[in-house]
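The values are calculated or read from the model by the stated rules, or taken from the named source; none is laboratory data. What you see is a predicted model, and the numbers here were worked out from it, not measured in a lab. Here the Cβ positions follow ideal geometry from the backbone for every residue, glycine too, while neighbour counts run over all protein chains shown.
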Amino acid sequence: MEGIRKFHARLTVMGLHRNPYLMSKVLSFYALSPPNLIDARLVFGQIPGPTTFLWNAMIRGLAQSDSPMEAVAFHYAMREHGSKQDNMTFPFVLKACARISAIGDGKRIHSDILKLGFLSDVFVSNALIHLYAVCGDLGCARLLFDEMPLRDVVSWNSLICGYSQCSLLREALSLFEAMQEEGIKADKVTMVKIVSACTHLREWDLADAMVRYIEENGVEVDIYLGNTLIDYYGRRGFVKSAEMVFNQMMGRNIVTLNAMITTYAKAGNLVSARRIFDEMPERDLISWSSIISGYSQGNCFSEALTLFRQMQKAKVKPDEIVVVSVLSACAHLGALDLGKWIHNYIRRNNIKADVYVGNSLIDMYAKCGCITEAFRVFGEMKERDILSWNSIILGLANNGFVEKALEVFSDMLRGNFRPSDVTFLGVLIACAHRGLLDEGLNYFNSMREVYNVEPKMKHYGCVVDLLCRSGELDKAYKFITEMPITPDPIIWRTVLGACKVHGNVGLSEIANKKLNELDPSNSGNYVLLFNTYAGADRWSDAIKVRVSMGENDVRKSPGCSLIEVSNFVDESMAN
């Protein structure tokens with residue numbers, strides 16, 4: 001650039017700075033260097049009769065700058081000046097129109113192109129297709145494309161990008177197939193859109209074929225295609241393949257690092273995810289969201305909350321994805337105060353309170369025992385899905401609001417929501433809490449008969465709990481023996497606990513035998529049997545149970561307490 005400035009100075013001293021031909025090189029350099037656009041305008045304004053080349057240079061420079069609208073204005077000025085427009089004029093101004101979605105201006109320029117006969121030029125037609133595609137007018141884009149006498153890879157890419165941008169992913173894949181039939185070799189731009197389309201459509205076999213296409217055809221894997229491949233491998237859980245792409249990339253950006261954090265976090269490798277996060281020179285919202293979600297989904301709830309506090313210190317405003325992850329952590333830790341603070345934060349900062357945020361708030365309040373607030377959130381939701389209904393029914397049931405839980409279930413059915421297995425879990429828990437034996441059995445029987453929902457282990461466990469709470473231990477045992485699936489330790493432990501309450505020593509011994517087979521190291525089994533014998537004054541048998549614990553080296557699990565102090569959750573273990 002220093003050489004150009006010296007050349008410009010020499011022309012000025014010689015009085016030749018108004019000569020359009022001598023100044024063309026100077027103006028071109030200034031125009032295509034954004035910091036020097038002001039100089040380009042000054043030079044252009046000093047030339048009394050700018051040539052088509054100079055007009056094109058200014059339009060091109062402005063189209064690539066932060067002022068693309070000025071490129072359009074320069075084009076109109078060029079027309080008014082009467083300067084000849086050529087095939088190099090239109091691609092630049094159409095690019096400017098595309099950047100600002102000025103489809104009206106684009107259509108007027110399209111009319112000029114038709115009048116001047118430049119539509120047959122592949123570069124001009126490509127620019128038009130790109131404009132229409134970017135502005136969402138795929139009808140005009142496809143019509144232009146179909147009428148082109150000659151197409152190159154840019155023509156195909158422009159239309160494929162347009163379909164992808166409008167989420168018409170299958171149409172983009174069909175276009176790629178047609179592209180191959182015409183023998184056009186795809187490039188890195190094509191493959192970014194096609195691999196991404198396969199990923200979002202979960203067309204894994206086709207995605208694998210596209211990866212092979214990239215390898216077999218030597219398609220350059222630049223930073224954009226590399227990021228796309230990492231995202232694809234990450235969604236599939238192919239961590240090693242993602243690492244291979246990551247390590248081979250010559251350049252990386254924040255998108256690359258975020259993609260790897262997400263890949264590691266999804267695979268449960270939080271150590272590697274955190275290493276990349278900690279080494280990032282800069283972080284954006286996606287960086288924080290990815291790592292916080294990873295810790296929350298990996299059941300590392302305290303760490304997720306710690307990261308959220310660091311995010312606040314970094315002055316990064318959370319979005320609904322971060323909010324959902326943090327609320328989930330609060331729900332599991334019982335951090336009600338922090339959960340309430342986040343709820344208020346959502347209100348104060350106008351964070352989009354979509355159905356996912358609403359469901360997370362319901363779950364958080366319900367698990368923290370604040371069912372009134374959970375029900376208020378549920379009532380204020382403008383949109384609900386099956387998870388919304390399930391969360392509030394489960395919350396009401398677990399907090400002892402039996403009648404309300406069953407009432408909400410009836411409202412759900414009237415609202416034409418089809419209950420799921422989780423819905424019935426909440427309903428059966430409600431019935432068990434209140435000892436509604438007949439109602440509970442009717443709901444259980446309706447699962448398969450009326451709603452075609454296959455009961456799972458938890459549903460069978462609820463029925464056993466319901467029968468045991470009602471004192472129907474013999475019926476509970478009969479129900480267990482007739483179950484189509486093998487009962488788990490929780491079911492037998494429920495029976496053992498009921499035997500202690502009702503003094504059924506014989507059934508307690510059967511349940512204990514099953515528990516010794518399924519979960520022999522659980523101290524709770526021995527404690528329940530000991531208490532059952534003790535309650536029946538069979539102290540010799542009770543002592544044998546205590547001795548058996550020692551012989552089998554079974555130890556009682558220490559108690560654990562979680563205390564929330566100033567939005568920090570402290571965990572302490574009993575000695």
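If you scan region 206-221, which residues turn out to be assigned to a loop (DSSP other than H, G, I, E, B) and either under 24 Å from the mean Cα position of the chain (by Cα) or of a type in the set (Val, Ile, Thr) (or both)? If the condition is that a residue be assigned to a loop (DSSP other than H, G, I, E, B) and either under 24 Å from the mean Cα position of the chain (by Cα) or of a type in the set (Val, Ile, Thr) (or both), then Val219, Val221 are the ones that fit.
Taken over region 45-67, residues that are in a helix (DSSP H, G or I) and buried (at least 19 other Cβ atoms within 10 Å of the Cβ) amount to 10. May I ask you to verify whether Tyr451 is modelled with pLDDT of 90 or more, closer than 16 Å to Phe424 by Cβ, of a type outside the set (A, V, I, L, M, F, W, C) and crowded, with 20+ Cβ neighbours inside 10 Å? So Tyr451 fails the test.
Looking across region 407-425, the residues that are over 19 Å from Arg448 (Cα atoms) and assigned to a helix (DSSP H, G or I) come down to Glu407, Val408, Asp411, Arg414. Pairs are defined by a Cβ separation below 7 Å, a sequence spacing of at least 6 or placement on different chains, a first member in region 118-142 that is more than 13 Å from Ile160 (Cβ to Cβ) and in contact (Cβ under 8 Å) with a residue 12 or more places away in the chain, and a second member that is among the charged types (D, E, K, R) and part of a loop (DSSP other than H, G, I, E, B); the pairs so defined are Val122/Asp152.
Out of the residues in region 486-514 that are farther than 24 Å from Phe444 by Cβ and either of a type in the set (Phe, Trp, Tyr) or surrounded by 20 or more Cβ atoms within 10 Å (Cβ to Cβ) (or both), which is nearest to the chain's Cα centre (by Cα)? This residue is Asn512. Filtering region 291-337 down to residues that are of a type in the set (D, E, K, R) and within 22 Å of Asp354 (Cβ to Cβ), which residue is surrounded by the fewest Cβ atoms within 10 Å (Cβ to Cβ)? Checked region 291-337; the qualifying residue surrounded by the fewest Cβ atoms within 10 Å (Cβ to Cβ) is Lys317.
Of all residue pairs spaced 6 or more apart or on separate chains, those with beta-carbon atoms under 7 Å, a first member in region 93-115 that is part of a loop (DSSP other than H, G, I, E, B) and a second member that is of a type outside the set (Phe, Trp, Tyr) are Ile100/Pro68; Ile100/Met69; Ser101/Val134; Ser101/Cys135; Ala102/Val72.
For region 261-278, a residue qualifies if it is surrounded by 15 or more Cβ atoms within 10 Å (Cβ to Cβ) and assigned to a helix (DSSP H, G or I), and the qualifying residues are Ile261, Thr262, Thr263, Tyr264, Ala265, Lys266, Leu270, Ser272, Ala273, Arg274, Ile276, Phe277. Checked against (1) touching an Asp or Glu at 6+ places or on another chain (Cβ under 8 Å); (2) part of a loop (DSSP other than H, G, I, E, B); (3) not small (Gly, Ala, Ser), Asn258 passes all but a single condition, namely (2).
Taken together, the residues in region 156-195 that are more than 24 Å from the chain's Cα centre (by Cα) and surrounded by fewer than 21 Cβ atoms within 10 Å (Cβ to Cβ) amount to 11. Of everything in region 178-203 that is small (Gly, Ala, Ser) and part of a loop (DSSP other than H, G, I, E, B), the residue that is farthest from Trp156 (Cα to Cα) is Gly183.
Give me the residue from region 204-221 that is touching a Lys or Arg at 6+ places or on another chain (Cβ under 9 Å) and crowded, with 16+ Cβ neighbours inside 10 Å and, out of that set, nearest to Ala267 (Cα to Cα). Among residues in region 204-221 that are touching a Lys or Arg at 6+ places or on another chain (Cβ under 9 Å) and crowded, with 16+ Cβ neighbours inside 10 Å, the one nearest to Ala267 (Cα to Cα) is Ala207. Looking at region 122-144, which of its residues are surrounded by fewer than 18 Cβ atoms within 10 Å (Cβ to Cβ) and under 24 Å from Trp55 (Cβ atoms)? Scanning region 122-144 gives Val122, Phe123.
Considering only region 472-485, I want to know if a residue exists there that is surrounded by fewer than 20 Cβ atoms within 10 Å (Cβ to Cβ), touching a helix residue (DSSP H, G or I) at 6+ places or on another chain (Cβ under 6 Å) and under 26 Å from Ile371 (Cβ atoms). No, region 472-485 contains no residue that is surrounded by fewer than 20 Cβ atoms within 10 Å (Cβ to Cβ), touching a helix residue (DSSP H, G or I) at 6+ places or on another chain (Cβ under 6 Å) and under 26 Å from Ile371 (Cβ atoms). Residues in region 314-353 that are in a loop (DSSP other than H, G, I, E, B) and either modelled with pLDDT under 90 or within 15 Å of Ser287 (Cα to Cα) (or both): Ala314, Lys315, Val316, Lys317, Pro318, Asp319, Asn349, Asn350, Ile351, Lys352, Ala353.
The residues of region 240-260 that are among the small types (Gly, Ala, Ser) and either buried (at least 20 other Cβ atoms within 10 Å of the Cβ) or modelled with pLDDT under 95 (or both), listed by number, are Ala242, Gly251, Ala259.
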